[in-house]
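Below is one structure, written out as structure tokens; comments come after it.
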């Protein structure tokens with residue numbers, strides 16, 4: 001490690017960022033950051049169930065970067081060394097999404113996904129972001145019921161939703177004390193620069209998915225001189241952080257739902273849900289009304305109309321899957337035998353993205369980390385519960401499938417004021433963004449928002465692409481060719497690239513290296 005040479009660079013990078021927002025006294029306090037750059041990780045095998053090549057270590061980072069001489073927290077990092085002498089370019093860091101997603105196993109996953117010509121150039125680096133997994137995990141002591149985050153608006157239950165939101169905020173505050181204000185995207189980005197410095201690198205390459213795109217954009221804003229080859233897959237719109245990103249799920253679902261009605265009508269001989277889009281739409285809403293009157297038995301689980309709307313929202317972005325689900329729900333409502341396929345979409349089955357480090361974090365860690373970040377990043381959340389009521393009523397009419405869910409009250413209404421302003425992402429740094437047309441978690445409008453904010457970016461757009469997450473192990477796919485070429489050469493495309501889905505493959509979550517997003521009631525994720 002070239003620690004002796006990079007320590008001053010690290011200090012300049014962090015301090016330059018802090019000086020812009022801190023008082024002179026606070027800026028001078030940033031000098032102790034040198035000691036974090038000079039750490040020497042004690043690498044060892046991560047877990048007996050994982051490949052021996054996947055090594056882990058723990059480093060210290062400041063809890064509060066404006067007072068680096070104060071409290072510290074532990075950050076878990078990982079690596080798989082794949083670079084070849086003579087071909088080595090540097091390191092590439094990964095983030096799988098979240099907020100709340102663990103990333104220690106990402107290097108092992110990416111080793112199996114990336115082509116040899118890319119692997120030869122990089123050592124692969126993962127980490128659990130602060131507050132997550134093995135990195136000083138937060139917990140709010142939430143019960144299973146309190147982790148249920150999707151709440152349909154109904155006048156009769158709104159006060160109960162307000163109580164839930166207040167209770168979660170109070171529990172998180174009580175459990176985490178002075179740590180809570182510093183579990184933010186901005187500080188996680190600063191942690192990434194500590195990782196860069198500790199590894200002895202002048203610059204960092206990066207591949208971030210979903211929430212990881214916003215994290216990567218914030219890093220690019222804070223440390224533009226540290227950016228090397230930067231890929232953002234399925235992007236958050238930084239102008240919508242964070243309430244707007246939850247609301248955009250409703251906005252993006254309506255055109256997906258319309259597309260689904262058209263596709264399903266064309267396949268009426270298979271699904272028998274209606275031979276015109278209008279009839280398919282009527283079948284669906286009749287099913288919702290029926291479930292509200294008498295919940296539908298799904299293998300012992302009673303589903304109301306609100307349950308079905310929440311469960312099928314993401315499914316509508318994959319018409320065939322949604323048609324199968326609605327067909328089976330209708331059969332169940334009629335008392336007929338179904339195909340045996342689970343009516344609960346893969347997005348909501350709650351299967352961990354990886355079992356490699358199961359049991360290492362508190363049971364509510366993912367949910368606790370989610371709220372800690374989305375509430376703590378920005379002060380833009382309304383404080384008046386009545387504002388949420390009005391918005392939910394408005395958006396239920398405007399976006400019938402999910403509008404009331406997206407605008408209903410959250411714990412952020414009762415959160416403490418953030419320690420720092422939200423990061424304004426607006427720069428000319430050269431990065432590559434990648435986006436499916438039909439993405440349920442970060443809809444196209446969101447990806448376009450990131451592309452606009454990063455004025456030096458190029459976009460790889462997959463026309464007709466379905467699912468959340470584009471990059472995959474298929475080296476023949478158009479989008480993967482573009483990403484791998486950039487990671488190999490560092491040359492961005494001369495202009496934006498449009499890929500079209502071939503008959504051979506429909507790219508997206510089922511083909512991608514990142515499994516279906518865990519957007520369950522217990523584990524909200526981007």
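Here the relative contact order of the chain, from alpha carbon pairs under 8 Å that lie six or more residues apart, stands at 18 percent.
In the chain, the longest principal axis of the Cα atoms and the axis of helix 277-293 are about 90 degrees apart.
Taking label positions 7 Å along the Cα-Cβ direction at both residue 35 and residue 60, the computed distance is 0.5 nm, reported to one decimal.
Extension gain for the segment residue 84 to residue 496, taken as residue separation times 0.36 nm less the Cα-Cα distance, is 145.2 nm to one decimal.
So if R0 is 45 Å, what FRET efficiency would residue 485 and residue 258 give, r being the distance between their Cβ atoms, rounded to the nearest 0.05? With a Förster radius of 45 Å, E is 0.80.
Hey, with R₀ at 60 Å, roughly what FRET efficiency would residue 336 and residue 72 work out to, going by the Cβ-Cβ distance, to 0.05? Using R0 = 60 Å, I get an efficiency of 0.50.
As a rough footprinting exposure proxy, the listed residues 72, 261, 185 were ranked by other beta carbons within 10 Å of their own, and the order from fewest upward is 72, 261, 185.
Compared with the alpha-carbon gap, the fully stretched path from residue 117 to residue 266 is longer by 49.3 nm at 0.36 nm per residue. Sorting 116, 262, 175 by the number of Cβ atoms found within 10 Å of their own Cβ, with the fewest placed first, yields 116, 262, 175. Relative to the current alpha-carbon distance between residue 292 and residue 43, full extension at 0.36 nm per residue lengthens the span by 84.2 nm.
Here's the picture: a label point sits 7 Å out from the Cα of residue 156 along the beta-carbon direction, and within segment 293-320 the residues with their amide nitrogen under 11 Å of it are 293. Summarising the label geometry, the points placed 7 Å from Cα in the beta-carbon direction at residue 174 and residue 394 lie 3.5 nm from one another. Between helix 3-19 and the chain there is an angle of about 60 degrees, using the helix long axis and the longest principal axis of the Cα atoms. Ordered by the count of other Cβ atoms within 10 Å of each Cβ, fewest first, 223, 127 give 223, 127.
Each value in this text was obtained by applying a stated rule to the coordinates, not by laboratory testing. Only a predicted model underlies this, so the values are computations on that prediction, with no experimental measurement involved. All Cβ positions, glycine included, derive from the backbone under ideal geometry; neighbour counts span all protein chains shown.
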